[in-house]
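See structure below.
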Amino acid sequence: MSVALANYIALSAVIFMIGAAGVVLRRNPLVMLMAIELMWNAANLAFVAYARASMNNAGHIFAFLVITVAAAEAAIGLAIVVIVFRRAEFVDVDEVSVLKG
Amino acid sequence: MGIEGQYPLLFLIWLAPFAGAIVIWALGPKLKSWSGPIGCAAIGVSFVATLASWADAVRSGPAGATTVVGAHQTMVTWIKGFALGLLWDPLTLVWTLIITGVGFLIHFYSMGYMHGDRGYPRFFAYMNFFVFAMLTLVLADNFVVLLVGWGLVGLASFFLIGFWFERPSAVAAATKAFVMNVVGDVGILFAIFILVAVVGSVSFADAFAGVQAHAYNGQLLFIACAALFVGCAAKSAQVPLHSWLPDAMEGPTPVSALIHAATMVTAGVYLIARCWPMWQGSADARELVGVIGGLTALLGAILGIGQWDIKRILAYSTMSQIGYMIMGVGVGAYDGGVLHFFTHAFFKAQLFLTAGIVIHALHNEQDVRRMGGLRAREPFAFWSMLVATLSICGFPPLAGFFSKDAVVYETLVKGHPVLYAIGVLTAGITAYYMFRMVFITFFGTYRGEIDPSSLGIRHPELAGTSAGLLKHPHDEAAPHEEHAPAWLMTAPVAVLFVGTIFAGFLDLGGTNSFWYGLLQPVFGATIAPVEGAAPFSELASSALVFIVVLAGIGLAYLRYGSTAALRDSVARLRNESIRMFPLLTNAFYFDAAIDALFVRPSRAFGTFFGVVVDPLVIDGAVREARVSALWLGHLFRSFQTGLVRAYALTIVFGAAAFIVYYAVVGAH
Amino acid sequence: MILFWFLALAVVASAVFVVTAKRPVYSVVGLLANFAALAIMYLTLSAEFLAVIQIIVYSGAILMLFLFVIALLSSGVRPFSVGPDRLPRVLVPLSLFGIVALGGLLFVIALNPSAAGTSNASGAPLGPPGQANVFGSVADFGKVLFTTYLLPFEATAFILMIAVIGVIALAGDVDPIPPKARRRK
Amino acid sequence: MLAQPFPLSDYAAILPLTIVATTPLMILLLDLILPKGAPRRDAAVAVGIAGLLLAAYVLVRQYLAHQFAPAFGFGFILGGFSIAFSLIVVAAAIFSLLMVLPQRDDEKVGPSCALMLWSAAGAMLMAGAGDLMTIFLGLEILSLALYCLCGMVLRASPVRLREARESALKYLILSSMASGFMLYGMALLFGATGSVNLAALQAIPAGNPVFAMGCGLFMIGVAFKLGLVPFHVWMPDVFEGAPLPVTAFMSVVTKAGMLAVFARFLYGVLGTDHQALIVPVWIVAGLSMLVGNLAALSQIDMKRLLAYSGIAQLGYIVAALAGTSTLGMRYALFYLGAYTFMNLGAFAVVALISRDQEEDSHLSAFSGLGTRHPLLAAAMAFFLLSLAGLPPTAGFIGKILILASTVAAGYQWLAWLLIAGTAISVYVYIKIVRAMYVPVDLAHIREIRPLSYAPWIAVAVCAVATIALGIYPAALHDVLPRIR
C-alpha cells in the first residue's frame, strides 16, 4: 500500500499542463484566473510530495505561503477583472486589446 | 607609442584654449572687446607651448626601438584595464602646429573681421572651444577620447556655422552639418566596438598591436577600417557625405578658414594617418579610401567650376584638396598626404582670409559677378589671392607644388594609374576654376553698380549668393565707419605668405629632407621611396602636371582674362549664368543618376544644381535603409496583437522551447 | 494505493472540467472538487495542517470571491457572455503543440528514477499517513513557521496588506464613463 | 513562549527593508488625517521620499561598516551585492515618486505612494534573498503591488482609463502565469535537493534531470520579469497603459529585483560548472537586443518605445553576465546603474511635458523641444544618446564594458549581436534627437506647463549622473562591490 513519489509528481505535472492549457485556450478572464490557480496548486502538490519524500517540512511552509499569496492575488485579480468588465458588453479578454503594436 | 613620462606642457597646450573659452563664456558681457585679445592669447600660449614641446615629440626611444617616438603621458585610469592618456609624436605635432599656429593667426584676423558684431565675445568663446576640441582629437592616445574630440569639434562647428542664428539658412546649414557629422560619429563608434570586441582595448597601441598579431580574422580589419572611414568621410566632406561643406559657408569667414578649410575637415586625414597600421593591414581598405579620395578630388573640382559665390568656390576647392589628401593617405603615401594637409592649411587659410578682406571691403558681397576690377582697389588682396591661388594650383616652387606632386606621383608609385590620371586631371581643373575666380574678381571693371539681372543673377537667394540682399547682422549694428584698423586683418595674411610660399621646401631633398626625417619614425618603412616602381621619374611627372596646370590657367585666361573677354565681361557672365546647365551637364547627370537610384521623383527640383542633388542623395540613401529596417519593425509589431491569449501562447511557446532544452540537457 | 488512483482520477477530471466548462459557475464547482480532492491527497502525504488550510482558504475564501464576482458581472438581465473570437483559428493546433511540448516535462519528471530528491532513496515508496506522527502536524508546522521561516512569514503580512489597500484603491474608483445603454444580446 | 529564534543583528540587517516597508503605513495615516488637495498629495510624496532617503542612508552605512552576514538562517543575505541592488531600487523609487506629483490625482496619491514603496520593498527583499521562499515572496510583493498600481488612474479620459485597466489585467494574467512556471520550477529544485536554501542547491552534481528542469522553469520566470524575447510580450502593452510614474518605476525596479535573483542564482548556485543550464538565457538575451531595437523602430509612443528599448537594454545587461565572470557582474551592475539614470531621466522628461491628467508621450510632443526648452531638450538628448550608447555618456561606457566582458568570456556571438542591436538603436534614438532640434513651425507647438516641477529634480540628477559616469566611470565602477 505505498505510492511512488513519481506518481504524485506526474499527477502534479498533468494538472500543471491542464492549467496552462486553460490560460491559453479560455477567453473568460475568470476561468483564466482559475486555470492559473490550478497551475499554482500543481506546484503545491509537488512541494508537499517532495516534502514527504525528504521529510523536510520546508515544502509545507512553502505551500502555505503559496496559498496565502494565491488568496491575495485572487482578491486583486478579481478586483481588476471587475473594474475592467463592469461596463463591458462581453466578459472576454479578446475584447481588451486597445494596447497593441 | 611614445616614451612614458610626465609632460606638463601638454596639458598647457591642451587646456589653455579651454580656459580661454570658459573665461570668455562666463565673463563675455563684461569683457566686451577684450574677449578678442584674450582668445588670441589663449591660443598663443598654446602655440608657444607647442614649440617648447617640439623636442619631446621628435625624441626617439631607446636605441633600436625605431617605432617608439615622441612622448606619452597616462592621464587617468578610466576604468580598470582602460587607461587614457595624451600622445605627443611628430604626427600630432604637425597637426598641433597648424591648429594653434594658423589658429592664432585666424583668431587675430577675427578681431578685425568680427569687430562690432553683437556676438563678438560669443564668437571667441566658440572659437577657443573649437581649438580645444580639435586638440582633444589630435592629442588622444585612444579611440574614446578621440571620439569625444571628434564629437566636440562637430558641436563647435554646429555652433559656429549657425553663429548668425537669425538667418534661417545658417540654422539649416548648421543642422545639416551636425546630422551628417553624427553619421560619422556613429561610424567611429562602431569601429570602437569592433576594436573592443577584437583586442579588448580602446588604446591606439593595442589596436595596432592587434594588426601585427593578426588578431583580426577575415574581413574584420576591413570592416573596422571602413567604419572608421565613415567617420572620416563625414568629417572630411568626402563623397557621398560632402554636401554639408558648401552650406557650412553660412558661418563667418574666419570660421570657414579655420574649421572648414585648415583644421577640422582634415581630421579624416589625421585619423587615417594615425591608424596607418590598420590600413597597412588591409589592402581593400586602402583601395576604398584611395578611390573615394580621388572621386572627391575630381567631383569637388568639377562642382567648383559652376559656382558664383566666392566662398563656395573655395569650399569646393577645399573638398577637392582634401580629396587629394585622403587619396594620398589612402594609397599609402602617408607623408605626402600629411604634407599636403600642412601646406593646404597655409594657402587655404590665406585664400579664405583674403576672400574675407574682399567681402568686407565690398560690404558683404560674395557674388563674384558683382566684383571685378579689384586689382587696383585692393592691391594687397590681389597679390595675396594670386600667390595663394598659384600655390593651390601647384605652381612651382610654391608650397602646393611640392605637396600635390608628392601625392599625385605616389599614387603612381603605389600602382594606381587611374588615380594618377584623376590627380593630374583634377590639377588642371583646379587651375581653371581658381583662375576663373581670380580673373572675374580682380580683373576688368567693377560690376557692383550694375543691375544684378543684367549679370544673369536671377535668384540670388537660391544661388546661395548674398548679392546685397542678405546683410550680415553685425553690419546693422555697426556702421561701416566703425571698422577696426585694417592691419588687424592684413597682418595675419602677410604672415601666411611665408607658409604659402616656403612650406614646401621642407620636403626638398628626398630621404634627407626635413619632412621625411620628421615623419619617418612614425610611419617607418612604409614611406621609404621605392626605386623603379613607376614608369617615369618624379621630375617627368611634375612636368606633366605643370603642363596641365598651365593649360588650365590658359583656358581660364581665354575665357575670363583675355582683353576680349574682359571687354564684354558683363555679357559673357550673363550668358554663362543662364547657360550654366549645359556647361556642367556631366556633373549634373552624375548626381541625377544617383538621384534616380535612391529617391522617388516626387521631390521637387527646387534649388540651384550645385546644392541640389546632395541632400537628396543623402536623404534618399538613409530613407532606403530605414524602409527595410522599418519593415522588420512592422513585422515584430504585428506579433503584438494586443490579445492576452496570444501573449500567453507566445510565453507558452517560449516555455516549451526552454523545457525541451532542459529535458534534453537533463537527460543526457 | 487505490485511494491514490481514485483521488488522482478525481483531481484530473475536475481540472479538465474547470478548463472546459461552458459557464464559469461550473468551473468554480469543478475547482471546488479539485481542491477537495487535493486536500485529501495532502492528508495522505501527512500534511494535515495544509489540508485544512486548503479547504478553509481556497474553498472557503477564494472560491467564494470568484462566485461573488461572477454574480456581480452577470447581474441584471444580461447573460454572462463572450464576444467573437479574435485569435486566429490556426493558433489552436499550435497551442496544442505547445502543450504537448510541455509534456516533455511530464516524461522527464515522472519516468526518471532519480526524481525522488536527495535525502530519500530514488523512487522509494511512501508509507501511509501516520507513520511519522510528528511530521506535518500543526505543532510541527507552527514551530518551523515561527522560527526557521520567520522572515517569509512576516513578509506574508505585507502581501495581505497590499491586497487590502490595493483592492480598496482599485475598487473605490469612481467610474467616469457614463453608463451606456446596455444592448441586449 | 518560544525563545527569540534570531539574534537582534538579523533584524538590523533588514533595517532598510523594514524602513521602506513601514513608511507606507505613515503615508496612509497621513492620508486619513490631512485635508484633501495639495497638502495631502505633497505629504504622501514627501514622506515616501524621506523614508527612502533614510533607507538609502542606512544602506550606505551598512556598506561602509562591512556588516555583511547572512540573516534569518540564510533567508536574507546582507552584502555588497544586496546593498548595490537595493540602492538602485531605492534611487529608482525616489525618481518615480517625483514623477507622481504632476499627476494631480489627490485621492490616489496616498495609496499609490504606499504601494510603490511596498513594491520597492519586495524588490529589496529579492536583492537579498537567500532561499527560494524569500525570492518567491519578494517577487509577489513586488508584483501584486504593481498590478494594483497599473490600474490606478483617476479622472482621466475614458480611453486613458481603459488603457490603464487593460494593462493591469494583462500584467496580472501573464505575470501570474509566469509565476506559476517559476513556482513549479522552485518545487522541482526543492525536490532535487530537499531544501529551499540556495546554498544547499549548490551541492547538486551536474546531470540531475529534476534539477535541470527546475532550473529551466525557474529561468522562464526570470526571463519573463526581465522581459527577454519571447517572454517580453507583456512589456510594451503594460508600459504604455500604466500611469507614467508606475511605468518608470517598473522599468527599473522589477528588472533590478529579478536581475539580483538571477545573478545570485547564476553565481551562487550554478557557478561555472553548470554552464549548459544557462545557455537558453544567453540566447534570449541576444534575441532581445535585436527584436527590442527593431520593434522600437516603428514606435510613435515614447512609453512604448522605451519599453522596447528596455527589452534590448536588459538583453545587454544579461549578456554582461555571460561566462559568469566576476568582472561581468561588476559590468552588469554598472550598466544597470547607468540604465537607471538614463531611463528614468527620459521618463522624467516625459512627465514634464505632460499636461493635466493626460500623459503626452506621443513622439510628436518632442518635436521642436530644442527651441522651447533648450535645457530640457539637452537633457533628453543626453539620455537618448546614452540609451543609444554614444559618448560621452554612461551608456557608451556600459556598452564598451559589456563588450569587453562578453568577449573575454568567449561569447563572441553575443558581442556581435550587441553591435548589431546598437546599430539599429542609434537610428531609433537619433530620430527623436533630430525631431527635437530640427526647426519646426512654432505655431503648432503647445506651451509646456507641467503641474509640478518636481520631475525637474529627477531630470537634473539623472542628466548629471549620465554625463558624469560617461566622463569618469571609475566613480561608480570602482566602488561596485563584489558578488556575495
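The values are calculated or read from the model by the stated rules, or taken from the named source; none is laboratory data. Everything numeric in this text was worked out from a predicted model, so none of it was measured. Heads up, the Cβs are rebuilt from the backbone with ideal geometry, glycines too, and the neighbour counts pull from every protein chain shown.
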note = Those residues of region D:237-282 which are surrounded by fewer than 21 Cβ atoms within 10 Å (Cβ to Cβ) and aromatic (Phe, Trp, Tyr) amount to D:Tyr267
task = Search region B:175-197 for residues being more than 10 Å from every other protein chain (Cβ to nearest Cβ) and in contact with a Gly (Cβ under 8 Å, 6 or more places away or on another chain), and hand back the single one that is nearest to B:Asp247 (Cα to Cα).
result = B:Ala177
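For the condition among the hydrophobic types (A, V, I, L, M, F, W, C) and closer than 30 Å to B:Asn128 by Cα, what is the one hit in B:Leu155, B:Leu220, B:Leu195?
Values: B:Leu220 fails: closer than 30 Å to B:Asn128 by Cα; B:Leu195 fails: closer than 30 Å to B:Asn128 by Cα.
One residue alone meets the criteria, B:Leu155.
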ask   = In the list B:Val407, B:Val413, which residue meets the criterion of being crowded, with 19+ Cβ neighbours inside 10 Å, touching a His at 6+ places or on another chain (Cβ under 9 Å), farther than 26 Å from B:Pro252 by Cα and of a type in the set (Val, Ile, Thr)?
value = B:Val407
query = Can you tell me which residue in region B:180-215 is surrounded by the fewest Cβ atoms within 10 Å (Cβ to Cβ), limited to those that are of a type in the set (A, V, I, L, M) and over 30 Å from B:Val68 (Cα atoms)?
reply = B:Val183
key: Considering residues of region A:72-92 that are under 16 Å from A:Arg27 (Cα atoms) and more than 7 Å from chain C (Cβ to nearest Cβ) only, the residue modelled with the highest pLDDT   = A:Gly77
Verdict on D:Gly216 being within 12 Å of chain B (Cβ to nearest Cβ), part of a helix (DSSP H, G or I), in contact with a Ser or Thr (Cβ under 8 Å, 6 or more places away or on another chain) and of a type outside the set (Phe, Trp, Tyr) = no
ask   = Is it the case that D:Leu183 is assigned to a helix (DSSP H, G or I) and touching a Phe, Trp or Tyr at 6+ places or on another chain (Cβ under 7 Å)?
value = yes
message = Whether any residue in region B:272-286 is closer than 23 Å to B:Thr343 by Cα and within 14 Å of the chain's Cα centre (by Cα) is what I want to check.
response = yes
request  = State all residues of region D:370-404 that are of a type outside the set (A, V, I, L, M, F, W, C) and modelled with pLDDT of 85 or more; if no residue qualifies, say none.
outcome  = D:Ser386, D:Gly389, D:Thr393, D:Gly395, D:Gly398, D:Lys399
query = Quick check, is D:Phe211 farther than 25 Å from D:Leu333 by Cα, at the interface with another protein chain (Cβ under 7 Å from one of its Cβ atoms) and in a helix (DSSP H, G or I)?
reply = no
ask   = In region C:11-31, what count of residues is obtained for those that are more than 9 Å from every other protein chain (Cβ to nearest Cβ) and either β-branched (Val, Ile, Thr) or crowded, with 18+ Cβ neighbours inside 10 Å (or both)?
value = 3
ask   = Does at least one position in region B:84-102 carry a residue that is within 14 Å of another protein chain (Cβ to nearest Cβ), free of Cβ contacts under 8 Å to residues at least 40 places away in the same chain and not β-branched (Val, Ile, Thr)?
value = no
ask   = Is it true that some residue in region B:389-396 is assigned by TED's automatic domain parsing to the domain that holds B:Ala262, over 25 Å from the mean Cα position of the chain (by Cα), surrounded by fewer than 20 Cβ atoms within 10 Å (Cβ to Cβ) and not in a helix (DSSP H, G or I)?
value = no
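Could we say that B:Ala177 is in the same structural domain as B:Thr50 (by TED's automatic domain parsing), crowded, with 24+ Cβ neighbours inside 10 Å and modelled with pLDDT under 85 here?
yes
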inquiry  = Suppose the filter is surrounded by fewer than 23 Cβ atoms within 10 Å (Cβ to Cβ) and touching a residue at least 12 places away in the same chain (Cβ under 8 Å); does B:Glu365 pass it?
reply    = yes
task = Check whether at least one residue in region D:143-166 is part of a helix (DSSP H, G or I), of a type in the set (Gly, Ala, Ser), touching a Ser or Thr at 6+ places or on another chain (Cβ under 9 Å) and at pLDDT 90 or above, and report yes or no.
result = yes
Candidate set: region A:38-58, residues that are under 14 Å from the mean Cα position of the chain (by Cα) and at the interface with chain C (Cβ under 7 Å from one of its Cβ atoms); chosen: the one farthest from C:Leu31 (Cα to Cα) = A:Leu45
ask   = Of A:Ile18, A:Ile61, A:Ile9, A:Ile67, which residue is more than 12 Å from chain B (Cβ to nearest Cβ), out of contact with any strand residue (DSSP E or B) (no Cβ under 8 Å at 6 or more places or on another chain) and over 30 Å from C:Ala139 (Cβ atoms)?
value = A:Ile18
message = Whether any residue in region B:235-247 is at pLDDT 85 or above and surrounded by fewer than 24 Cβ atoms within 10 Å (Cβ to Cβ) is what I want to check.
response = no
inquiry  = Take residues that are in contact with a strand residue (DSSP E or B) (Cβ under 9 Å, 6 or more places away or on another chain) and under 19 Å from B:Val202 (Cβ atoms) and tell me which of the helices (runs of 4 or more DSSP H) falling wholly in region D:316-432 contain 3 or more.
reply    = D:394-408
ask   = Among D:Ala168, D:Ala129, D:Ala192, which is the only one that is facing another protein chain (nearest Cβ under 10 Å), touching a strand residue (DSSP E or B) at 6+ places or on another chain (Cβ under 9 Å), hydrophobic (A, V, I, L, M, F, W, C) and more than 24 Å from D:Tyr453 (Cβ to Cβ)?
value = D:Ala129
